[in-house]
Amino acid sequence: MLNIILCGAPGSGKGTQSAFIANKYGVQHLSTGDVLRAEIATGSELGKQIDALISKGNLVPDDMMYGVIENYIANLPADCKGTIFDGYPRTVAQAESLTKLLKKYNMDAIMIDLLVDEQLLIQRLIERGKVSGRADDNLNTIRHRIAVYHQQTEPIAHYYLHHGNYCAVNGNHNMADVFLQIMRIIDSYGR
Ligand code: ADP
(Lines give C-alpha, C1' and ligand atoms only; values in the text may rest on other atoms or scores of the structure.)
Protein backbone atom coordinates (compact mmCIF):
# COMPACT_ATOMS: atom_id res chain seq x y z
CA MET A 1 0.00 0.00 0.00
CA LEU A 2 1.47 3.33 -1.10
CA ASN A 3 0.15 6.21 0.99
CA ILE A 4 1.48 9.68 0.29
CA ILE A 5 0.79 12.82 2.25
CA LEU A 6 1.38 15.69 -0.15
CA CYS A 7 1.99 18.95 1.68
CA GLY A 8 2.76 22.46 0.61
CA ALA A 9 1.42 25.99 0.62
CA PRO A 10 -1.57 27.03 -1.47
CA GLY A 11 -0.32 27.17 -5.06
CA SER A 12 2.58 24.76 -4.44
CA GLY A 13 1.24 22.33 -7.04
CA LYS A 14 -0.31 19.65 -4.82
CA GLY A 15 -3.33 19.13 -7.07
CA THR A 16 -1.25 18.88 -10.26
CA GLN A 17 1.31 16.49 -8.79
CA SER A 18 -1.42 14.40 -7.13
CA ALA A 19 -2.98 13.79 -10.54
CA PHE A 20 0.42 12.71 -11.97
CA ILE A 21 1.06 10.37 -9.01
CA ALA A 22 -2.43 8.84 -9.15
CA ASN A 23 -2.01 8.20 -12.86
CA LYS A 24 1.45 6.65 -12.62
CA TYR A 25 1.06 4.57 -9.44
CA GLY A 26 -2.66 3.73 -9.60
CA VAL A 27 -3.42 5.19 -6.18
CA GLN A 28 -6.53 7.13 -5.19
CA HIS A 29 -6.46 10.93 -4.90
CA LEU A 30 -8.22 12.45 -1.90
CA SER A 31 -8.35 16.25 -2.12
CA THR A 32 -9.95 17.63 1.04
CA GLY A 33 -10.45 20.98 -0.74
CA ASP A 34 -12.49 19.19 -3.44
CA VAL A 35 -14.52 17.28 -0.81
CA LEU A 36 -15.34 20.56 0.96
CA ARG A 37 -16.21 22.36 -2.30
CA ALA A 38 -18.51 19.45 -3.23
CA GLU A 39 -20.32 19.89 0.11
CA ILE A 40 -20.69 23.64 -0.59
CA ALA A 41 -22.15 22.82 -4.04
CA THR A 42 -24.96 20.79 -2.44
CA GLY A 43 -26.24 24.00 -0.80
CA SER A 44 -26.59 22.24 2.59
CA GLU A 45 -26.40 24.07 5.95
CA LEU A 46 -23.02 22.45 6.53
CA GLY A 47 -21.91 23.61 3.07
CA LYS A 48 -22.84 27.19 3.97
CA GLN A 49 -20.76 27.04 7.16
CA ILE A 50 -17.82 25.63 5.20
CA ASP A 51 -18.19 28.30 2.50
CA ALA A 52 -18.02 31.09 5.10
CA LEU A 53 -14.64 29.74 6.28
CA ILE A 54 -13.07 28.79 2.96
CA SER A 55 -13.99 31.97 1.08
CA LYS A 56 -12.14 33.99 3.74
CA GLY A 57 -9.12 31.69 3.53
CA ASN A 58 -9.59 30.13 6.97
CA LEU A 59 -9.33 26.45 7.82
CA VAL A 60 -12.30 24.22 8.54
CA PRO A 61 -12.26 22.91 12.16
CA ASP A 62 -10.17 19.79 12.85
CA ASP A 63 -13.13 17.73 14.13
CA MET A 64 -15.08 18.33 10.93
CA MET A 65 -12.09 17.28 8.83
CA TYR A 66 -11.54 14.21 11.00
CA GLY A 67 -15.01 12.96 10.08
CA VAL A 68 -14.17 13.24 6.38
CA ILE A 69 -10.89 11.33 6.70
CA GLU A 70 -12.21 8.67 9.05
CA ASN A 71 -15.11 8.00 6.71
CA TYR A 72 -12.75 7.84 3.71
CA ILE A 73 -10.32 5.38 5.32
CA ALA A 74 -13.05 3.17 6.77
CA ASN A 75 -14.55 2.77 3.28
CA LEU A 76 -11.42 2.08 1.23
CA PRO A 77 -12.06 -0.59 -1.41
CA ALA A 78 -10.27 -3.90 -0.80
CA ASP A 79 -8.23 -3.52 -4.00
CA CYS A 80 -7.04 0.00 -3.16
CA LYS A 81 -3.33 0.43 -3.96
CA GLY A 82 -2.99 3.45 -1.71
CA THR A 83 -3.96 7.11 -1.37
CA ILE A 84 -2.54 10.55 -1.97
CA PHE A 85 -3.72 12.78 0.83
CA ASP A 86 -3.85 16.22 -0.82
CA GLY A 87 -4.64 18.99 1.67
CA TYR A 88 -4.74 16.82 4.79
CA PRO A 89 -3.25 17.17 7.33
CA ARG A 90 -3.09 20.95 7.60
CA THR A 91 -2.49 21.23 11.35
CA VAL A 92 -0.35 19.28 13.81
CA ALA A 93 -3.54 17.96 15.47
CA GLN A 94 -4.68 16.61 12.06
CA ALA A 95 -1.25 15.00 11.53
CA GLU A 96 -1.53 13.24 14.90
CA SER A 97 -5.06 12.03 14.07
CA LEU A 98 -3.98 10.73 10.67
CA THR A 99 -1.03 8.80 12.15
CA LYS A 100 -3.40 7.11 14.61
CA LEU A 101 -6.00 6.34 11.96
CA LEU A 102 -3.46 4.84 9.56
CA LYS A 103 -1.97 2.76 12.37
CA LYS A 104 -5.42 1.43 13.26
CA TYR A 105 -5.63 0.01 9.73
CA ASN A 106 -1.99 -1.17 9.72
CA MET A 107 -0.91 1.49 7.24
CA ASP A 108 1.78 4.15 7.10
CA ALA A 109 2.61 7.03 4.75
CA ILE A 110 5.44 9.02 3.19
CA MET A 111 5.18 12.78 3.67
CA ILE A 112 6.28 14.81 0.64
CA ASP A 113 6.61 18.54 1.23
CA LEU A 114 6.47 20.76 -1.87
CA LEU A 115 8.59 23.82 -1.12
CA VAL A 116 7.90 26.89 -3.27
CA ASP A 117 9.02 30.53 -2.91
CA GLU A 118 6.30 32.90 -1.76
CA GLN A 119 6.44 35.24 -4.76
CA LEU A 120 5.93 32.32 -7.11
CA LEU A 121 3.01 30.99 -5.02
CA ILE A 122 1.22 34.34 -5.25
CA GLN A 123 1.90 34.60 -8.99
CA ARG A 124 0.54 31.08 -9.63
CA LEU A 125 -2.60 31.61 -7.51
CA ILE A 126 -3.41 34.91 -9.20
CA GLU A 127 -3.08 33.19 -12.59
CA ARG A 128 -5.29 30.30 -11.37
CA GLY A 129 -7.86 32.79 -10.08
CA LYS A 130 -8.42 34.03 -13.63
CA VAL A 131 -9.83 30.63 -14.61
CA SER A 132 -10.68 28.72 -11.41
CA GLY A 133 -13.67 30.80 -10.37
CA ARG A 134 -12.65 30.00 -6.76
CA ALA A 135 -13.76 32.62 -4.26
CA ASP A 136 -10.45 32.24 -2.39
CA ASP A 137 -8.16 32.92 -5.38
CA ASN A 138 -7.95 36.72 -5.00
CA LEU A 139 -4.95 38.66 -3.70
CA ASN A 140 -6.23 39.48 -0.18
CA THR A 141 -7.44 35.95 0.48
CA ILE A 142 -4.31 34.47 -1.08
CA ARG A 143 -2.13 36.46 1.34
CA HIS A 144 -4.28 35.32 4.26
CA ARG A 145 -4.15 31.65 3.14
CA ILE A 146 -0.35 31.84 2.95
CA ALA A 147 -0.24 33.37 6.46
CA VAL A 148 -2.53 30.58 7.75
CA TYR A 149 -0.22 28.08 6.07
CA HIS A 150 2.85 29.51 7.88
CA GLN A 151 1.09 29.58 11.24
CA GLN A 152 -0.90 26.35 11.21
CA THR A 153 0.39 24.03 8.50
CA GLU A 154 4.17 24.56 8.28
CA PRO A 155 4.76 23.13 11.79
CA ILE A 156 3.68 19.69 10.54
CA ALA A 157 7.05 19.46 8.71
CA HIS A 158 8.74 19.14 12.13
CA TYR A 159 6.16 16.59 13.20
CA TYR A 160 7.01 14.36 10.21
CA LEU A 161 10.75 15.01 10.52
CA HIS A 162 10.54 13.58 14.04
CA HIS A 163 8.53 10.62 12.78
CA GLY A 164 11.19 9.88 10.13
CA ASN A 165 9.01 9.94 7.03
CA TYR A 166 9.64 13.49 5.80
CA CYS A 167 10.86 14.20 2.24
CA ALA A 168 11.29 17.70 0.83
CA VAL A 169 10.90 18.53 -2.86
CA ASN A 170 11.92 21.77 -4.58
CA GLY A 171 8.59 22.84 -6.10
CA ASN A 172 9.95 25.95 -7.86
CA HIS A 173 10.72 23.97 -11.02
CA ASN A 174 8.36 23.11 -13.86
CA MET A 175 5.70 20.41 -13.37
CA ALA A 176 7.67 17.64 -15.10
CA ASP A 177 10.85 18.30 -13.10
CA VAL A 178 8.94 18.38 -9.82
CA PHE A 179 7.29 15.09 -10.73
CA LEU A 180 10.73 13.57 -11.46
CA GLN A 181 11.85 14.44 -7.92
CA ILE A 182 8.65 12.92 -6.51
CA MET A 183 9.04 9.70 -8.52
CA ARG A 184 12.61 9.33 -7.24
CA ILE A 185 11.35 9.53 -3.67
CA ILE A 186 8.48 7.09 -4.21
CA ASP A 187 10.65 4.62 -6.11
CA SER A 188 13.36 4.78 -3.44
CA TYR A 189 10.77 3.43 -1.01
CA GLY A 190 10.74 0.35 -3.20
CA ARG A 191 7.02 0.09 -3.82
P1 ADP B 1 -5.16 25.30 -1.55
O2 ADP B 1 -4.18 24.25 -1.11
O3 ADP B 1 -4.82 25.92 -2.86
O4 ADP B 1 -5.45 26.31 -0.48
P5 ADP B 1 -7.37 23.39 -1.27
O6 ADP B 1 -8.36 23.08 -2.34
O7 ADP B 1 -6.47 22.29 -0.81
O8 ADP B 1 -6.55 24.61 -1.86
O9 ADP B 1 -8.13 23.95 0.02
C10 ADP B 1 -9.01 25.04 -0.06
C11 ADP B 1 -9.53 25.41 1.33
O12 ADP B 1 -10.24 24.29 1.91
C13 ADP B 1 -8.48 25.75 2.39
O14 ADP B 1 -8.03 27.10 2.33
C15 ADP B 1 -9.26 25.46 3.69
O16 ADP B 1 -10.17 26.50 3.97
C17 ADP B 1 -10.10 24.24 3.32
N18 ADP B 1 -9.41 22.98 3.70
C19 ADP B 1 -8.93 22.03 2.84
N20 ADP B 1 -8.35 21.02 3.52
C21 ADP B 1 -8.47 21.33 4.85
C22 ADP B 1 -8.04 20.71 6.05
N23 ADP B 1 -7.35 19.55 6.06
N24 ADP B 1 -8.32 21.32 7.24
C25 ADP B 1 -8.99 22.47 7.27
N26 ADP B 1 -9.42 23.12 6.17
C27 ADP B 1 -9.14 22.58 4.97
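Compactness check for the chain: Cα Rg over 2.2 N^0.38 Å is 0.99.
Eight or more residues apart or on different chains, and alpha-carbon atoms under 18 Å: count the Lys pairs in region 2-186 matching that. So the count works out to 6. Residues in region 2-186 average 50 Å² of solvent-accessible surface per residue, probe 1.4 Å, ligands and nucleic acids excluded. Once both labels are positioned 7 Å from their Cα atoms along Cα-to-Cβ, the gap between residue 139 and residue 184 label points is 3.7 nm.
With the helix formula -39500 (n - 2.57) applied to DSSP H stretches of n ≥ 4, the chain reaches a computed 222 nm mean residue ellipticity of -17000 deg cm²/dmol. Taking the Cα centre of region 24-65 as origin and assigning +1 to Lys and Arg Cβ atoms and -1 to Asp and Glu Cβ atoms, the resulting dipole is close to 220 debye.
Once neighbouring chains are kept in place and the probe is 1.4 Å, which whole percent of the accessible area of the chain is contributed by carbon and sulfur? Here it works out to 53 percent.
The values are calculated or read from the model by the stated rules, or taken from the named source; none is laboratory data. On a predicted model such as this, the values are computed, not experimentally measured, just so you know. Cβ sites come from the backbone with ideal geometry, for glycine too, and all protein chains shown count toward neighbours. Areas reflect the complete protein model, heavy atoms only, side chains present, ligands, DNA and RNA absent. Shrake-Rupley method; radii C 1.70, N 1.55, O 1.52, S 1.80 Å.
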